[in-house]
């Protein structure tokens, strides 16, 4: 009998308790409703509730327009008042606190959150590297993975200037430096002056005729100029008929033919042009082109075969030291022998108050 009474009393009490709770339940206040609806807007990994990216938290709810939501954190640099969450270098647990203010009253609620540190980030950060050419063109922006290095573009061009280097804050930039943030690298130039290199003479051999404002023909065996066989025992007679301009090229033809020699008969004819005629008797162009210092270059295709001796020379324009050529100097930029297709030579000829010297 005693056991039965205890059992009945227990069951009865439980029912009364349930009935009492059901009877006194009140509707949640507006703060509770807001806290129940607020969700942390971070990306979840297997529902573990961790922050893997910088995020923005809820700042307002349409259902409660009069409620002001303000966020704070147990770590001073993790969240702003506006609810912007910034990851830190190291992973950490933080408590995000939401303050809900309605008119002059407020309540708060805390949300423990685990924030993954940047040092554990599997996603590689990238930074913008801006190349400012400083020449009126648009800058070039590239993305570089954090702690990697940037590769510079081709050297930029600026009219009237010479490119020197790339710089940051006026100092030469070292492209072996790891990129740890956004950076602007600026081109540095120097102003060209009157002594800087500039184009003084050129001929692309356009058209169908030799430009005689730039070139003059040499004709004959050399005896006309006082140097029989051109001083080199050359076996050809020079004629302007063997000079051709076509297809954007100067073509000098060597032919086997006789009957043109002065003072003798040669079996071959060829061609020769000069930019300035030193012998006034044969000079057609008083100006011509002559220059003491500079860079001289040409693109030349030479023939193969015995007896061919094509050359690109610089000859003296004046008889400064007397005795004529070659005592006033000669620079042979390149000479080729048709029988030796894999050999080239260059030479400087001069005289040291005596016989003629040549150096190869």
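When the gyration tensor of region 138-202 is built from Cα positions, what are the square roots of 5 times its three eigenvalues, in whole Å, from largest to smallest? Walk me through the numbers before you get to the answer.
Values: eigenvalues 187, 29, 18 Å².
Semi-axes (√(5λ), whole Å): 31, 12, 10.
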Quiz item: Of the listed peptides 234-240, 99-105, what is their order by residue-averaged count of other C-beta atoms within 10 Å, with the highest listed first?
Solution: 234-240, 99-105
Practice problem: Taking the Cβ of each residue in 96, 69 as the centre, tally the other Cβ atoms inside 10 Å and list the residues starting with the fewest. | Solution: 69, 96
Quiz item: Given that compact globular proteins tend to follow 2.2 N^0.38 Å, what is the ratio of the alpha-carbon Rg of region 69-200 to that value?
Solution: 1.74
Self-check item: Global geometry of region 149-246, whether rounded, prolate or oblate, following the gyration tensor of its Cα atoms and the 1.5 cut on a/c
Solution: prolate
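Coordinate-derived values only; no laboratory data. Treat the numbers as computed from the prediction; the structure is a model and nothing was measured. Cβ sites come from the backbone with ideal geometry, for glycine too, and all protein chains shown count toward neighbours.
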